[in-house]
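J.: Starting off with a structure, shown below.
Coordinate-derived values only; no laboratory data. A quick note: this is a predicted structure, and the numbers were derived from the prediction, not measured. FYI the Cβ positions are ideal-geometry reconstructions off the backbone, even for glycines, and counts take in every protein chain you see.
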């Protein structure tokens, strides 16, 4: 089946969220939503999520899944807000527990922070499947960028999160705790074994030099032929050397500190204090 895919581009974080619709009915899933966050003021906003709510309501769609490709380090998830407005189950990799253990320690979350993935409705393992109406989605674990990255293969479409970018921009960084350039190379090979005409929808776009417009849809064939980091003929050794050298030059994402604390909780904020105020922590010299 060929799902109907609508992308929503967030200029502030260069993130693309998706509504993925069953062509045989009104069932849909949302992939990688965004909660707007102003770091300077500590204020959240739902304008990005509201554009998805408006689209779904105007088209009379039924949300069955709110899917996360991984625990994002560059934007906050709007999953709980969308679930409250539209319903659906929140799903992520079962390797979320690795992320929760790692960053639970970094942020000194204490024993009250559950590290078993129970904040999510569904924890997907490699090879699992789920339904969106009459359309089946299949789960591929594709670690490397993080240990908990997934690719959702839904009909002829694959939602790869941050694993691959557009061919002229390459691949994701691997220098966060638990990341691995060797694992990323192996994961990309799994994606590139999908049928040539499989549509690939990426999680971010930054407009490679010389390209005027943002883009987020490509194909397996195009990735194999043109990806500047991992196209046909690239060895694992060459990729690992390139990726590790490149990652050493990259700054931390601007929203990594709030994003990780919120997203490892399925998009929920930490528990408020006795006065009802929510606080986010800034670990010094930990990242």
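J.: Have a look at 185, 239, 201 and tell me which one the Gaussian network model of the chain (Cα, springs below 10 Å) gives the largest fluctuation.
T.: Of 185, 239, 201, the Gaussian network model singles out 239 as fluctuating most.
J.: Which FRET efficiency, nearest 0.05, do residue 234 and residue 126 yield, Cβ-Cβ r, R0 25 Å? Before the final figure, lay out each step's value.
T.: Numbers: r = 24 Å, r/R0 = 0.95.
That gives a FRET efficiency of 0.55.
J.: If you line up the Cα atoms of the stretch 165-280 on their principal axes, what length do they span on each, largest first, in Å?
T.: So the extents along the principal axes, rounded to whole Å, are 58, 29, 28.
J.: What nm value, rounded to one decimal, do you get for the distance between residue 197 and residue 11 when each label is placed 7 Å out toward the C-beta?
T.: 3.7 nm
J.: By how many nm would the segment from residue 156 to residue 101 grow when fully extended, if each residue of separation counts as 0.36 nm and the alpha-carbon distance is taken off? The partial results should precede the final answer.
T.: Working: separation 55, 0.36 × 55 = 19.80 nm, distance 3.46 nm.
Gain on stretching residue 156 to residue 101: 16.3 nm.
J.: Same structure, new question: Over the chain, with a Gaussian network built from C-alpha contacts below 10 Å, which listed residue (180, 129, 259) shows the highest mean-square fluctuation?
T.: 129
J.: Still on this structure, I have one more. Per DSSP helix of 4 or more residues, -39500 (n - 2.57); summed, then divided by the residues of the chain. What does that give at 222 nm, rounded to the nearest 500?
T.: Values: 7 runs with 69 residues, N = 287.
It lands at -7000 deg cm²/dmol.
J.: Would you give the gap between the C-alpha center of the stretch 186-226 and the C-alpha center of the stretch 60-95, rounded to a whole Å?
T.: 23 Å
J.: Considering the chain as a Gaussian network with a 10 Å cut-off on Cα pairs, which listed residue, 150, 250, 35, attains the greatest mean-square fluctuation?
T.: Result for the chain, Cα springs under 10 Å: 250 fluctuates most.
J.: Then there is this: What does DSSP give for the stretch 4-251 in terms of the percent of beta bridges that are antiparallel, rounded to the nearest 5?
T.: Working: 32 of 46 bridges.
Counting DSSP beta bridges with both partners in the stretch 4-251, the antiparallel share is about 70 percent.
J.: Further question: If I take all pairs of Cα atoms in the stretch 4-251, what percentage of them are more than 24 Å from each other? All intermediate terms of the calculation are to be shown ahead of the outcome.
T.: Details: 13936 of 30628 pairs.
Roughly 46 percent, rounded to a whole number.
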